[in-house]
Amino acid sequence: MEEIRVSTWAELQEQLFTGSWTPGLRRHRSDFAYRGRNDVAEDLRTSLLRLGGNAPSVEAHLLRNFRKYAQRQDVPFESVWNWLALAQHHGLPTRLLDWTYSPYVAAHFATSRLEFFDRDGVVWMVDYVRTQQQAPARLREVLGAQEMNVFTAELLADVARGLQDLEGLAEDDYVLFLEPPSLNERIVNQYALFALMSRPEARLDEWLEPRPELARRLVIPADLKWEVRDKLDQANITERVLFPGLDGLSRWLARYYAPRTEG
């Protein structure tokens with residue numbers, strides 16, 4: 001996988017938007033999904049894998065009990081994919097991995113925690129269109145028939161009603177990208193989508209390793225983070241916007257007014 005270490009704000013923007021020109025449309029429409037992390041050493045393990053234990057068994061228990069105790073009106077219609085998105089959104093360990101269509105939102109999440117400003121950050125970029133071309137034929141056919149590039153819960157439910165159905169579509173691992181329903185302003189403002197692996201044990205970074213043409217990593221050096229952070233704040237890419245409500249407001253103010261303690 002290509003890894004690029006940027007050295008300036010201008011270079012970061014150029015690399016974030018690379019390949020966005022679409023000749024057929026004569027528009028800049030990127031096929032990349034973005035994921036920003038404060039620490040370059042972090043891999044693409046899901047929260048379910050980080051939890052530990054037997055992933056399939058733990059996943060089943062977590063999701064069953066989440067559905068048992070959550071409010072039914074919290075999902076737009078009864079679907080395991082809606083429940084999975086809701087659970088991920090509220091911090092339950094799942095096989096989903098958070099991504100965004102917005103390069104600036106990803107850059108925010110690579111520079112959002114001041115305690116990590118002594119180490120490099122990273123923005124992962126994955127071509128979600130080409131990635132899903134390696135999914136089983138039935139899934140590709142459904143996307144093609146609807147002229148869509150990512151799945152919704154409704155569309156995915158037409159092919160796989162549950163997690164076991166997803167795994168049963170192919171012997172080899174594959175990945176899909178799933179747009180969550182607009183459960184609240186946070187999902188909308190973060191321009192969110194999820195990577196969904198066909199098995200709970202699977203890791204996206206390991207799946208991408210023999211397919212380096214599908215992804216790249218942009219490393220944001222520690223000494224560039226303050227400039228990136230300040231310019232994102234000026235562009236209104238902040239916790240106040242991405243996490244609407246008093247909690248997000250408080251997080252933004254606490255970070256924004258924290259003194260810079262190093263050069």
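Here are a few things to note about the model shown:
- Difference of contour (0.36 nm per residue) and Cα-Cα distance, S182 to D39: 48.6 nm
- Alpha-carbon Debye profile of the stretch 1-153, log10 I(q)/I(0) at 0.09, 0.11, 0.12, 0.21 Å⁻¹: -0.39, -0.58, -0.69, -1.38
- As a size descriptor, the averaged projected area of the C-alpha convex hull of the stretch 83-202 was calculated at 8.3 nm².
- Computed Kirkwood radius, in angstrom, where 1/r is averaged over Cα pairs of the chain: 19.4 Å
- For the stretch 46-110, projected area of the alpha-carbon convex hull averaged over all directions, nm²: 5.2 nm²
- Of the accessible area of the chain, computed with a 1.4 Å probe over protein heavy atoms only, carbon and sulfur atoms account for 47 percent.
- For the stretch 19-122, the solvent-accessible area of protein heavy atoms averages 49 Å² per residue (probe radius 1.4 Å; ligands and nucleic acids excluded).
- The stretch 200-263: GluC sites (Glu not before Pro) in DSSP loop, at most 12 other beta carbons within 10 Å: E262
- Contour excess over end-to-end distance, with Cα ends at E213 and E78 and 0.36 nm allotted per residue: 44.9 nm
- FRET efficiency estimate (nearest 0.05) - Cβ-Cβ, A258 to R130, R0 45 angstrom: 0.65
- Extension gain, L25 back to E2 (0.36 nm per residue minus Cα-Cα distance, nm): 5.6 nm
- Geometric extent, Cα atoms of the stretch 171-263 - Rg, Dmax (angstrom): 17.8, 53
- Distance between the modelled labels on A137 and D158, one decimal in nanometres: 1.8 nm (7 Å Cα→Cβ projection).
- Rough spin-label spacing in nm, given labels placed 7 Å along Cα→Cβ, for R64 and R113: 3.3 nm
The values are calculated or read from the model by the stated rules, or taken from the named source; none is laboratory data. Owing to the predicted nature of the structure, the values given are computational and were not obtained by experimental measurement. All Cβ positions, even for glycine, are placed from backbone atoms using ideal geometry, and neighbour counts span all protein chains on display. Accessible surface is based on the protein model in full, side chains and every heavy atom, while ligands, DNA and RNA are left aside. Shrake-Rupley method; radii C 1.70, N 1.55, O 1.52, S 1.80 Å.
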